[in-house]
Amino acid sequence: TYPKRRLVNIAVKDHINIELNGQWVDAIVSKVDASLMRVFLPVINKHEWLYRGSLRLQPLFNSPSTYEPPCKRFASDKQSTTNDSKCCHFLLIPLNHGWKRQIRNDLGTIVYASPCGQMFTDGERLHAYLYQTNSSLSIRQFTFDMNCRVTQKFLSSTTVYVNLDDYALGKDKVPLMLINEIDSSLPKPFEYTTERIPLTSDIVIDQLNTHGCTCIDGCLDTTKCVCWQKTYDGIIQSHYYDDLIGSLKELFGQSFDEDDDRQNNLDEMRFFLYDALSKRNLGYKHGRLLEKIHSGIYECNGKCKCDSRCTNRCVQFGLNTLLQIYHTSEKGWGV
């Protein structure tokens, strides 16, 4: 690609094979002028000017392509994005790496512009782009919420008696701020931890019954992901969703004729329910839980082939949103 075009190196009187009417024929170079060359074709007894980067030249036609996505050079390395999470809000990380976030009131949407000028108005296309460019940025670091102002920070106009930048003392990957606008008191001492602590015995994880998916696309097709299917199976079997599942099963039966045996096919019904539940945003959507799942969520794990950019990985990454402990006049301390 420009400015490094692939040109064949050749001199006058050299022989080269060129394409003519679908066949390779011998040609003799009679003149070379910058990126052009004139060749003589004995088979038709004529001269012809050719571009030295033309794929009609057999050496270039047979050479392997070295093409890479034009935006790959803008992809952030993993180490830099990890360090960014310690010093700023996770939604600011893309902006620190050349992305632009525009609030388009005329379109009623958010537009993200990549460093190379690609424009995105939806998470599906953006997620696919991040995979194609092998970027270490995750779809979780982007939001299309019109009410979210990622560059604005709240500053209190009242007197602040206590203002601590990190009450967790570096135990978490993001700082836990503490502020007191009422008096100079602090909360009762407590132990801050990022690990699960069992009260009675060790936490036992059944590795034998832990399965992994084979997805390599970030688990975009939730109906084919084993982990997503376990989440959907929990919803289907939960009494909390009896009305929803009942209406979907009824809709499934109405989609076939009475004499069609497929309406009794349990596998077809199961995949129909998977597809219907995925369209209702039951589960993670771009790293966010839009609706509470009473039956639980099965996240992808270490046995899965998907990587950390998978859309079905969220809680396992721990805290990434900036939180603040604050004091109220009547309700005590809150987060």
Extension gain, residue 17 back to residue 40 (0.36 nm per residue minus Cα-Cα distance, nm): 7.2 nm
Estimated distance in nm for a label pair at residue 109 and residue 96, the labels positioned 7 Å out from Cα along Cα-to-Cβ: 2.9 nm
Estimated translational D of region 226-317 in µm²/s (Stokes, Kirkwood radius over Cα pairs; 4 °C; 1.567 mPa s): 90 µm²/s
Volume per residue of the C-alpha convex hull in region 15-62, rounded to whole Å³: 65 Å³
Order by protection proxy (mean Cβ within 10 Å, highest first), peptides 222-230, 311-319: 222-230, 311-319
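Could you sort out which of 153/285; 171/331; 100/292; 230/331; 153/230; 100/171 sit more than 29 Å apart by Cα distance in this structure? The partial results should precede the final answer.
Details: 153/285 26 Å; 171/331 27 Å; 100/292 31 Å; 230/331 40 Å; 153/230 39 Å; 100/171 31 Å.
Long pairs (Cα-Cα over 29 Å): 100/292; 230/331; 153/230; 100/171.
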Gap separating the Cα centres of region 213-252 and region 83-151, nearest whole Å: 28 Å
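Summing +1 for each Lys or Arg and -1 for each Asp or Glu, what net charge is found among the other residues whose Cβ lies under 12 Å from the Cβ of residue 290?
Values: positive: 280, 285, 288, 292; negative: 145, 291.
The answer is +2.
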From the C-alpha gyration tensor of the chain, square roots of 5λ in Å: 54, 34, 19
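Cα convex hull of region 144-235: how many Å³ per residue?
Cα convex hull per residue, to the nearest whole number: 251 Å³.
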Burial ranking of peptide ranges 133-145, 297-309 (average Cβ count within 10 Å, highest at the top): 133-145, 297-309
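So what is the 222 nm mean residue ellipticity for the chain from helices alone, if each DSSP H run of at least 4 adds -39500 (n - 2.57) and you divide by all residues, rounding to the nearest 500 deg cm²/dmol?
Values: 7 runs with 65 residues, N = 335.
So the helix-based figure for the chain works out to -5500 deg cm²/dmol.
Compute the FRET efficiency between residue 242 and residue 221 as 1/(1 + (r/R0)^6), taking r as their Cβ-Cβ distance and R0 = 22 Å, and round to the nearest 0.05. Before the final figure, lay out the partial values.
Numbers: r = 27 Å, r/R0 = 1.22.
Step by step, r from the Cβ atoms, then E = 0.25.
Explain nothing, just the number: relative contact order of region 226-317, from Cα pairs under 8 Å at least 6 residues apart, as a whole percent.
Details: 65 pairs, mean separation 31.0, N = 92.
Relative contact order for region 226-317 comes out at 34 percent.
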Derived scalar couplings ³J(HN,Hα) [region 291-307; Karplus, 6.51 cos²θ - 1.76 cosθ + 1.60; whole Hz; x for Gly, Pro]: 9, 4, 9, 6, 8, x, 10, 9, 7, 5, 9, x, 8, 7, 8, 6, 9
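Just so you know, all these numbers are worked out from the coordinates, no wet-lab data involved. Owing to the predicted nature of the structure, the values given are computational and were not obtained by experimental measurement. Cβ coordinates were reconstructed from backbone atoms using ideal geometry, including for glycine residues, and neighbour counts include every protein chain displayed.
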